[in-house]
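The values are calculated or read from the model by the stated rules, or taken from the named source; none is laboratory data. Computed from a predicted model, the values in this text were never measured in an experiment. FYI the Cβ positions are ideal-geometry reconstructions off the backbone, even for glycines, and counts take in every protein chain you see.
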Amino acid sequence: MTSSKDYVLIGKIKGAHGTKGALLVQSFTAKTPDIQNYKPLFLEGALDVSTSLKVIRLKEKGLLVASIPTVTDRTQAEAMKGKSLYTLRESFPALLEDTFYYADLEGAQVYTQDDQHLGHVTHLANFGAGDILEVELKDPVHHKKIFIPFSKEMVLSVESATHKVVVDAELFALFNSHDKDTPDEPGH
């Protein structure tokens, strides 16, 4: 039996494109068009039925125009807007040492090397200068989020079995302190 943790998010349908059922898709794969190579492919809300995706052409900013066999007109394509695309974890290649899939890091608990719980990873991004972890701090009042680099200096270890990221306490404090002297409201 397949559980939800066996599925990995690899794309999202952003909308319809044209009148014949083409879809505008955002790919989360390392190379945008590679999304069509992942098989089986599953749509959000129908994880028990596999489908396929064919790239028609690339667009800007990680987007592509693609087709799914069961979507044949614009009305059907518009109904797919916002749906996520998944594949099975087992279809991914084995990882090299010290490499991780984004999906394995999201939701991981963040601790310092002296086991102080800081919060959890809510998102990962790469804006061109390296991978960034978005961490929601363990603060029930403010729900503050900060960004930290996913670097060897900051992230000391990733413990996949326990879903735990261990960070350098001093570096983390530097990233968390940047707004302590900033007023909460403009003009104060």
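Things to note:
- Extreme residue, farthest from residue 18 (Cα to Cα), among residues of the range 56-75 that are among the charged types (D, E, K, R) and touching a Gly at 6+ places or on another chain (Cβ under 7 Å): 73
- Count of the range 71-112 residues which are surrounded by fewer than 13 Cβ atoms within 10 Å (Cβ to Cβ) and within 19 Å of the chain's Cα centre (by Cα): 8
- Of the residues in the range 161-170, not one is of a type in the set (Ser, Thr, Tyr), modelled with pLDDT of 90 or more and within 30 Å of residue 30 (Cβ to Cβ).
- Pick from the range 80-112, criterion of a type in the set (Gly, Ala, Ser) and part of a loop (DSSP other than H, G, I, E, B), ranking: modelled with the lowest pLDDT: 94
- Listed here are the strands (runs of 3 or more DSSP E) enclosed by the range 10-79 that have at least 2 residues being of a type outside the set (Lys, Arg) and over 27 Å from residue 128 (Cβ atoms): 41-43, 46-51.
- Only residues that are over 16 Å from the mean Cα position of the chain (by Cα), surrounded by 13 or more Cβ atoms within 10 Å (Cβ to Cβ) and not in a strand (DSSP E or B) were counted across the range 114-150, and they come to 2.
Residue-wise test of (1) acidic (Asp, Glu); (2) within 30 Å of residue 50 (Cβ to Cβ); (3) in contact with a helix residue (DSSP H, G or I) (Cβ under 9 Å, 6 or more places away or on another chain); (4) in the same structural domain as residue 26 (by TED's automatic domain parsing).
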position	(1), (2), (3), (4)
83	no, yes, no, yes
107	no, yes, no, no
120	no, no, no, no
127	no, no, no, no
136	yes, no, no, no
143	no, no, no, no
146	no, no, yes, no
154	no, no, yes, no
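Listed here are the residues, each with its yes/no results for (1) surrounded by fewer than 19 Cβ atoms within 10 Å (Cβ to Cβ); (2) among the small types (Gly, Ala, Ser).
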{"position": "10", "(1), (2)": "no, no"}
{"position": "14", "(1), (2)": "yes, no"}
{"position": "23", "(1), (2)": "no, no"}
{"position": "39", "(1), (2)": "yes, no"}
{"position": "45", "(1), (2)": "yes, yes"}
{"position": "53", "(1), (2)": "no, no"}
{"position": "58", "(1), (2)": "yes, no"}
{"position": "61", "(1), (2)": "yes, no"}
{"position": "69", "(1), (2)": "yes, no"}
